[in-house]
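The block underneath contains the structure these notes are about, expressed in structure tokens.
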Amino acid sequence: MKFIQLIAIIGLVLGLNENTLSEVGRSKVRTNITMRVGDGCFDETHLHIQPDNNPQIVNLQELEKLITINETDFDLYDRDDFVITYSYIVHADQQGNVESIDLSAASNLWSKDHVESAARQLKFQVALKDGKPIDCVYFVWFNFRRE
């Protein structure tokens, strides 16, 4: 128990949010979500326009606290520092709500449904072009590392 308290104190000193490290079994899995606005993305109907602003994920910290994967997902990898990644193309409407998600790459598919559930909960700042809201495409990465 003292070890876990020490880890929590170290995390607070380093500025880590204690909830971004989710305890699973005897180990911990750290969740990190990153994104960037899609540039020059096409879909079936049109070219998505690049916004003038750089909209970010509004509920990033909340989702990083809520989502994790099983520590056993790392067992087949022979490196302790392996990062399991799920990459998505996310289409958001003019209000920043997710309209659709498409898996673009994954380290494995064991936790795909769980990660996609979180991806559907993403909320983005409103993307603007010439001061008007537009729909937008994002590349989003869900990264998991055993600590």
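Take the stretch 108-131 and flag every residue that is part of a loop (DSSP other than H, G, I, E, B), surrounded by 15 or more Cβ atoms within 10 Å (Cβ to Cβ) and at pLDDT 95 or above.
Listed by number, the residues that qualify are 122, 125, 126.
Anything in the stretch 37-83 that is surrounded by 15 or more Cβ atoms within 10 Å (Cβ to Cβ), modelled with pLDDT under 95, touching a helix residue (DSSP H, G or I) at 6+ places or on another chain (Cβ under 8 Å) and within 17 Å of residue 140 (Cβ to Cβ)? List them, or say none.
Listed by number, the residues that qualify are 63, 64, 65, 67, 69.
Within the set of pairs 6 or more residues apart or between chains, which connect a residue that is within 22 Å of residue 133 (Cβ to Cβ) inside the stretch 94-118 to a residue that is among the basic types (Lys, Arg) and outside any loop (DSSP other than H, G, I, E, B) with Cβ atoms less than 6 Å apart?
96/123
So how many residues does the stretch 82-93 have that are touching a strand residue (DSSP E or B) at 6+ places or on another chain (Cβ under 7 Å) and in contact (Cβ under 8 Å) with a residue 60 or more places away in the chain?
Within the stretch 82-93, residues that are touching a strand residue (DSSP E or B) at 6+ places or on another chain (Cβ under 7 Å) and in contact (Cβ under 8 Å) with a residue 60 or more places away in the chain number 2.
With respect to residue 143, determine if the residue is assigned to a strand (DSSP E or B) and touching a residue at least 12 places away in the same chain (Cβ under 8 Å).
Yes: the conditions hold for residue 143.
Any chance the stretch 54-75 includes a residue that's among the aromatic types (Phe, Trp, Tyr) and in a strand (DSSP E or B)?
no
The values are calculated or read from the model by the stated rules, or taken from the named source; none is laboratory data. What you see is a predicted model, and the numbers here were worked out from it, not measured in a lab. Cβ coordinates were reconstructed from backbone atoms using ideal geometry, including for glycine residues, and neighbour counts include every protein chain displayed.
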